[in-house]
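Visitor: Would you mind keeping the following structure in view while I ask a few things?
Any read-out appearing in this document is the output of simple, stated calculations on the displayed coordinates, not a laboratory observation. From a predicted model like this one, the values you see are computed outputs, not experimental measurements. Here the Cβ positions follow ideal geometry from the backbone for every residue, glycine too, while neighbour counts run over all protein chains shown.
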Amino acid sequence: QQQVRQSPQSLTVWEGETAILNCSYENSAFDYFPWYQQFPGEGPALLISILSVSNKKEDGRFTIFFNKREKKLSLHIADSQPGDSATYFCAGTNTGGADRLTFGKGTQLIIQP
Amino acid sequence: GPKVLQIPSHQIIDMGQMVTLNCDPVSNHLYFYWYKQILGQQMEFLVNFYNGKVMEKSKLFKDQFSVERPDGSYFTLKIQPTALEDSAVYFCASSMGLGTYEQYFGPGTRLTVL
């Protein structure tokens with residue numbers, strides 16, 4: 001049972017464009033959603049996160065849009081740079097529980113110069 | 001961001017042997033986690049640990065697995081005996097807790113069981 005789904009599996013955008021990465025979840029109890037960025041051979045690095053009480057979270061070029069009713073969220077990367085090329089993982093958890101993160105399978109993002 | 005260290009970065013062992021994976025979590029963090037990532041798949045939760053005890057474990061956390069953090073030293077994952085299906089990258093994470101939810105991950109240990 002895939003509790004967190006990400007799409008697309010792979011995405012290529014031109015430098016300077018906005019990349020949009022999608023995520024959906026099944027567990028209504030999830031209320032905290034971090035996005036992680038992972039480069040090959042490295043561990044996932046926390047990029048930005050959102051709590052379900054908010055519908056938008058912005059940090060520089062990175063913005064999360066959250067729709068609780070539809071159980072969907074998206075990560076927008078504005079003015080994308082070649083250095084943003086990485087795999088991005090969406091995750092969810094219930095902060096009232098034991099806070100295990102449930103991850104999606106990731107989106108591989110390639111920024112073409 | 002806060003740094004979690006893992007030792008070794010790569011371990012190759014024969015099936016049936018014991019292996020210990022070491023994690024040096026962020027110094028003031030109270031909660032510790034292990035996740036497993038098989039190549040090309042998503043990361044999956046194994047176990048979390050707080051105040052010297054396992055809080056929750058998943059079905060992937062087999063009887064052959066154990067965790068401990070003796071006297072504030074490394075947080076360790078021990079597998080004894082290892083099986084071929086244990087080959088994966090194991091990530092350690094830590095979080096402060098106390099109303100914060102961010103989990104910070106180490107670089108991973110790639111375990112190859114032959």
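Visitor: Sequence gap at least 6, Cα distance under 8 Å: using those rules, report the relative contact order of segment A:57-113 to the nearest whole percent. Don't skip to the answer; put the middle values down first.
Guide: Numbers: 73 pairs, mean separation 16.1, N = 57.
Relative contact order for segment A:57-113 comes out at 28 percent.
Visitor: Right, next: Would you give the gap between the C-alpha center of segment A:1-36 and the C-alpha center of segment B:1-60, rounded to a whole Å?
Guide: 24 Å
Visitor: Please pull out the direction-averaged projected area of segment B:5-113, using the convex hull of its alpha-carbon atoms, in nm² to one decimal place. Write out the running numbers ahead of the final one.
Guide: On the way: hull surface 25.9 nm².
Mean projected area for segment B:5-113: 6.5 nm², to one decimal.
Visitor: Let me ask something else. Could you tell me which of rounded, prolate or oblate describes segment A:4-112, using a ≥ b ≥ c as the square roots of the eigenvalues of the alpha-carbon gyration tensor, with rounded for a/c under 1.5 and, failing that, prolate when a/b is larger than b/c and oblate otherwise?
Guide: Numbers: a/c = 1.94, a/b = 1.57, b/c = 1.23.
Verdict is prolate for segment A:4-112.
Visitor: Would you check the protein assembly as shown for Lys pairs whose C-alpha atoms are within less than 13 Å, ignoring same-chain pairs closer than 8 in sequence, and give me the count?
Guide: On the way: A:Lys56/A:Lys68; A:Lys56/A:Lys72; A:Lys105/B:Lys36; B:Lys36/B:Lys57; B:Lys36/B:Lys59; B:Lys36/B:Lys62; B:Lys62/B:Lys78.
The number of close lysine pairs in the protein assembly as shown is 7.
Visitor: Residues of A:29-42, mean number of Cβ from any other protein chain within 10 Å of their own Cβ, rounded to a whole number? Mind showing how you got there, number by number?
Guide: On the way: counts 0, 0, 1, 2, 1, 3, 0, 3, 0, 5, 0, 0, 5, 4.
Across the residues of A:29-42, the mean count of other-chain Cβ atoms within 10 Å is 2.
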